[in-house]
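Only one structure is covered here, and it is reproduced in the block below.
What follows draws every value from the coordinates through simple rules; no lab data is involved. Quick caveat, the model's predicted, so the values are computed rather than measured. Quick reminder, even Gly has a Cβ in these numbers, built from the backbone with ideal geometry, and neighbours come from all protein chains shown.
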Amino acid sequence: MPTEEDLRDLDRKLKQLRLDYERYFLGSRPREPVLQRNEVNKLMVVYSNTAIQNTALRFKFNSLCSRFQALRRQWDDTLRKMEAGTYSRHRFKADLHERARRATPSGRADPPRRAEAEAPSDLFTQYREARAACGQAVASLTPEKLDGLLERQRSQLRERFGEQAEFRFRVVVEKGKAKLKASRVRA
């Protein structure tokens, strides 16, 4: 019969497994956490086959089972998308690499997760595409709003680095979110 400590340990392992899968899907973990998943799955099977008399512990275990099943469906769906080549984050990064290869004469790609922008309209297009690929809202994004945001950032940066400082912005994807990064243009 599982004790409260056993269920707490199972909850901790499930949370760690979830974090490991998120890292794997973001690309910071090289391999899928299959061993941890099998370990959690075995514990679920063992506790499912035991009668839990305490109502509170049974409720806790049922909650953990439900969460694990939902996460398994989500992970399996994402893994299928990755195998089929339709996973949005991978497609976005692949598109960035392809654009960088076309842009540089040597054919070498820029570092991943970056896209340089030359013209403001190009920056808007790249930013909008990056937000859409990351699942962020794009309906309210307009070139005028982006220009206003860039001007506010420029003024804040000029206060910090001096009035003569010039900055160039680029689209960067960090932790699954599209952001604008400024780099100082040296004269």
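Summary table
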item	result
Nearby aspartates and glutamates by direct alpha-carbon distance to LYS145 (threshold 18 angstrom, same-chain neighbours under 8 apart not counted)	ASP122, GLU129
Computed label-point distance, nm, for sites ARG99 and ARG72 using a 7 Å Cα→Cβ extension	4.0 nm
Taking PHE167, PHE25 and counting other C-beta atoms within 10 Å, the order from fewest to most	PHE167, PHE25
Under 12 Å, Cβ to Cβ, from CYS65 - net charge with Lys/Arg +1 and Asp/Glu -1	+3
Computed over the chain: relative contact order in percent, which uses C-alpha pairs under 8 Å that are six or more apart	16 percent
Packing-based exposure ordering (other Cβ within 10 Å, fewest first) of VAL173, VAL185	VAL185, VAL173
Neighbourhood net charge (12 Å Cβ-Cβ; Lys/Arg +1, Asp/Glu -1) for ASP20	+4
From the coordinates shown, semi-axes √(5λ) of the Cα gyration tensor in Å corresponds to which of (1) 46, 20, 14; (2) 28, 20, 13; (3) 38, 28, 12	(1)
The chain: calculated mean residue ellipticity at 222 nm from DSSP helix runs of at least 4, using -39500 (n - 2.57)	-21500 deg cm²/dmol
Over 30 Å between alpha carbons, listed pairs LYS42/LYS179; LYS60/LYS81; LYS15/LYS175; LYS81/LYS177; LYS13/LYS179	LYS42/LYS179; LYS60/LYS81; LYS13/LYS179
Extension gain (nm, one decimal) between CYS65 and LYS42, 0.36 nm per residue minus Cα-Cα	7.1 nm
